[in-house]
1. Being of a type outside the set (A, V, I, L, M) and farther than 22 Å from residue 324 by Cα narrows it down to one of 116, 135, so name that one.
2. Can you tell me which of (1) modelled with pLDDT under 95; (2) over 30 Å from residue 126 (Cα atoms); (3) surrounded by fewer than 18 Cβ atoms within 10 Å (Cβ to Cβ) is the one residue 299 doesn't meet?
3. Filter the stretch 287-341 for residues that are among the hydroxyl-bearing types (Ser, Thr, Tyr) and under 20 Å from the mean Cα position of the chain (by Cα) and give the result.
4. Open to solvent by less than 30 Å² (accessible area, probe 1.4 Å), among the basic types (Lys, Arg) and over 23 Å from residue 21 (Cβ atoms): which single residue out of 174, 148 fits that description?
5. Among residues belonging to the stretch 240-264 that are touching a Leu at 6+ places or on another chain (Cβ under 8 Å) and either open to solvent by 40 Å² or more (accessible area, probe 1.4 Å) or of a type outside the set (Val, Ile, Thr) (or both), point out the one that is farthest from residue 179 (Cα to Cα).
6. Quick one: in the stretch 305-324, of everything that is touching a helix residue (DSSP H, G or I) at 6+ places or on another chain (Cβ under 9 Å) and crowded, with 21+ Cβ neighbours inside 10 Å, which residue is modelled with the lowest pLDDT?
7. Check the stretch 262-279 and report whether any residue there is modelled with pLDDT under 95 and part of a loop (DSSP other than H, G, I, E, B).
8. Using beta carbons and a limit of 8 Å, which pairs, at least six apart or on different chains, have the first residue in the stretch 305-317 and within 9 Å of residue 229 (Cβ to Cβ) and assigned to a loop (DSSP other than H, G, I, E, B) and the second one of a type in the set (S, T, N, Q) and at pLDDT 90 or above?
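The values are calculated or read from the model by the stated rules, or taken from the named source; none is laboratory data. All values reported here derive from a predicted model rather than from experimental measurement. We place every Cβ from the backbone using ideal geometry, glycine too, and count neighbours over all the protein chains shown. Note: accessible area is taken over every heavy atom of the protein model, side chains too, but ligands, DNA and RNA are not part of it. Shrake-Rupley method; radii C 1.70, N 1.55, O 1.52, S 1.80 Å.
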Amino acid sequence: MDKKNIDWSNLGFGYIKTDKRYVSNYADGAWDNGEMIDDDMITLSECACVLQYSQSIFEGLKAYTTENGHTVVFRPDLNAERLANSAKRMEMPVFPVDRFIDAVEKTVRANEAYVPPYGTGATLYLRPYMFGINPVIGVKPADNFQFRIFATPVGPYFKGGAKPITIKVSDFDRAAPNGTGHIKAGLNYAMSLHAIVTAHQEGFDENMYLDAATRTKVEETGGANFIFVTKDNKVVTPKSSSILPSITRRSIMTVAKDYLGLETEEREVYFDEIKDFAECGLCGTAAVISPVGKINDHGKEICFPSGMEKMGPITQKLYDTLTGIQMGRIEAPKGWIKVID
């Protein structure tokens, strides 16, 4: 298939309307068969549950063109499982895992012309999401829901290389104990908007959120998990019941252990100990790994030995190996790569 006439190498990370999107509706206790449609607009009641009480969940994943020319998606089964867990917590019907993967395949195939060519640094970003659609005025779950997936081509998160960023310790809480921090609900991100705008106004790239109960342990940022590297090259990630289980983070830990032979550990990470780490990074779908050079704790700076010029050596190896797996340059673990064509 011929590709669209897009300047792939200069794409930003933003929305571009593509040709098709997948839609399935839930009513009377069952999902319909779903279909690909052209219309990108959604018509809702003014009293739709999603508008009144934010009953919505979402996912994010990417389709790539690999080195050998295949179009692939990275670990969509884990996105399907995480969406199912989010749905259960938000009193929404589960969209079956097999149907989720099938919908992803249909969406990618229908928008094949928008999958960027290999080597451009661009990808096709997929956004599955679900929301309560019928009118609800009393505080209760919706009865009818809509599941959709749209696709949009995006450029690399970084332009000109992954330069380390500066983050601040936030005075705001991202998630409450026993709350919804462990699921991918839209309301979590709405809560973080004021904090991230404030951080940007103060000259920082992101926030570091501490646990809400004691404010002594590292949790995550508004949209990414933390990874740390000790001075003896152990890869450490924070463990908490209110952290979103990042698919990228889980993949990085497997890469660290099985591909690079590094020791890994998922545990509670106390803020007081981060000054002793050699490297720090944020991991997620958009950038894979964003290196952190400096953390500002109310005027007191914690600087990592990796500095502000480039990724630390272990972070770089993790990044290169995982992106090599995604792009087909390195053999992937069984089940990680879903070939679309």
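1. Working: 116 fails: farther than 22 Å from residue 324 by Cα.
Only one candidate qualifies: 135.
2. Answer for residue 299: the failing condition is (1).
3. At the first step, the residues of the stretch 287-341 found to be among the hydroxyl-bearing types (Ser, Thr, Tyr) are 290, 306, 315, 319, 321, 323.
Within the stretch 287-341, 290, 315, 319, 321, 323 qualify.
4. Numbers: 148 fails: over 23 Å from residue 21 (Cβ atoms).
It is 174.
5. Just the residues of the stretch 240-264 that are touching a Leu at 6+ places or on another chain (Cβ under 8 Å), to begin with: 247-248, 250-252, 255-256, 260.
Next, from what is left, pick out any that are either open to solvent by 40 Å² or more (accessible area, probe 1.4 Å) or of a type outside the set (Val, Ile, Thr) (or both): 250-251, 256, 260.
On the way: 250: 22, 251: 25, 256: 30, 260: 35 Å.
Of everything passing the filter in the stretch 240-264, 260 is farthest from residue 179 (Cα to Cα).
6. 306
7. Filtering the stretch 262-279 for residues modelled with pLDDT under 95 gives none.
No: zero hits.
8. As it stands, the answer is 306/315, since those pairs meet every condition given.
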